[in-house]
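Note sheet for the following structure.
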Amino acid sequence: MNTSKTYLVGGAVRDVLLGLQPAERDWVVVGSTPEEMLENGFKQVGASFPVFLHPKTGEEYALARTEKKQGHGYHGFSVDFHAGVTLEEDLQRRDLTINAIARDQDGGLVDPYGGQRDLEQKVLRHVSGAFVEDPLRVLRVARFAARFARFGFRVHESTLALMREITQSGELGYLAAERIWREIELAMKTEKPSVFVQVLRECGALEVLLPEVNRLFGVPQPPEYHPEIDTGVHLLMALDAAEKLSKGSANVVFAVLLHDLGKGITPQQELPSHIGHESTGVPLVDAVCNRLKVPNAVHDLSRKVCLLHLRCHRILEARPMTALRLLEQLDVFRQPGLLADFIAACEADYRGRKGLQDRAYPQGEYLQQVYQVAAGIRTRDLDLKGASGPEVGERLRQARLEAITRLKTQGA
């Protein structure tokens, strides 16, 4: 006789209690075995421990399990999933109390670690001391803090203390680059990506994982341009502006995260000015993206935002040739979809300043217009009789320059 029980667990339960629509549902099966799951038509996936896909819904069902730390990093665990593992034991291995609530098949809640209390008190608190065994949890907690900031959630001081302990232990150094990037990417999609950075900084992890970003805090900027003065404060403001302007595009927000890295290495005697920080920042952008194995498209956007954001700010005063060169450097004639992301990142930088958050950014609209008139020129519309390959390109460029000149003349 099969006496196994199935419970809805984790984020799906938490989100419903917060009044949110769950993105997906995960299930835990207590008192069963892999053989029984297969007999019931489930399909097994997963290498380190068995996870099963429901034959009809395709949702994931995992056997209740315990984990024991045996090595370094995210994968350094031995897993036990015998039929005697209890629901409470399975929930105890989870990171936060709000993620350790289960719902049984009758709708009743099983909450052995006070998750409902912490939801009400808006606290992110670890389930047990085993929290320190998984260094990825430092990033996950910072991400949850950013995701639920709009509800007023905060990280409990005791959990922050464990995050500092993990950071000081050196365990973050064993995390795979892909795992770190995945957490950062998800955090960039939250409503308050600035909180993610703040929490990592508070527990010391920002200095370990993103020292180039951590270096920006405390670096002064000219107050006439940046009333907030501190480059780190400007970065936090720009991140949240980027989330709003790009509607949560991780690519845009991440590009903004890296856009001012050059200011972190400005020689002390030159402060608070940062002349040339755009070009000095590019090698640092490359270093971060290569270290985290960031996708090529995100890396490309980040490089261009770092190098060219000031040129976007000055586009209204730029000569037609300067405007055309900007479009060519962005390579938007071949990658037209990149322009909107570039403009959103530049506008976020422009608005990420104290007292200037709502200031208009006509530069973005003008750069779009410049692109449209230039991209509207096609080789088929030109008189190319007798022109060779290089001459075709030069005539196309000249025609685009003339179109931009007409646009600027009309607007003058």
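The values are calculated or read from the model by the stated rules, or taken from the named source; none is laboratory data. Please read these numbers as outputs of a predicted model, since none were measured by experiment. Heads up, the Cβs are rebuilt from the backbone with ideal geometry, glycines too, and the neighbour counts pull from every protein chain shown.
Against the test of being at pLDDT below 95 and either among the aromatic types (Phe, Trp, Tyr) or under 30 Å from residue 240 (Cβ atoms) (or both), the options 383, 358 yield a single qualifying residue, 358.
For residue 97, indicate whether it is touching a strand residue (DSSP E or B) at 6+ places or on another chain (Cβ under 9 Å), within 21 Å of residue 9 (Cα to Cα) and surrounded by fewer than 21 Cβ atoms within 10 Å (Cβ to Cβ). For residue 97, the condition - touching a strand residue (DSSP E or B) at 6+ places or on another chain (Cβ under 9 Å), within 21 Å of residue 9 (Cα to Cα) and surrounded by fewer than 21 Cβ atoms within 10 Å (Cβ to Cβ) - is not met. Can you spot a residue in the range 31-43 that is within 24 Å of the chain's Cα centre (by Cα) and of a type outside the set (A, V, I, L, M)? No, that holds for no residue. Within the range 19-28, does at least one residue satisfy the condition of being at pLDDT below 90 and at positive phi? For the range 19-28, residues at pLDDT below 90 and at positive phi: absent. Is it true that some residue in the range 218-234 is at pLDDT 95 or above, surrounded by fewer than 18 Cβ atoms within 10 Å (Cβ to Cβ) and in a helix (DSSP H, G or I)? No, every residue in the range 218-234 fails to be at pLDDT 95 or above, surrounded by fewer than 18 Cβ atoms within 10 Å (Cβ to Cβ) and in a helix (DSSP H, G or I).
Of the candidates 338, 308, 316, the single residue that is within 20 Å of residue 280 (Cβ to Cβ) and in contact (Cβ under 8 Å) with a residue 24 or more places away in the chain is 308. Tell me which residues, restricted to the range 115-163, are of a type in the set (Phe, Trp, Tyr), more than 14 Å from residue 100 (Cα to Cα) and in contact with a helix residue (DSSP H, G or I) (Cβ under 7 Å, 6 or more places away or on another chain). The answer is 153, and nothing else.
Within the range 10-57, work out how many residues are under 16 Å from residue 107 (Cα atoms), assigned to a loop (DSSP other than H, G, I, E, B) and among the basic types (Lys, Arg). Residues meeting the conditions: 1. Within the range 123-144, restricting attention to residues that are touching a His at 6+ places or on another chain (Cβ under 9 Å) and either part of a helix (DSSP H, G or I) or polar (S, T, N, Q) (or both), the residue that is surrounded by the fewest Cβ atoms within 10 Å (Cβ to Cβ) is 132. Within the option set 252, 195, being β-branched (Val, Ile, Thr), out of contact with any Lys or Arg (no Cβ under 9 Å at 6 or more places or on another chain) and in contact (Cβ under 8 Å) with a residue 12 or more places away in the chain holds for one residue only, 252.
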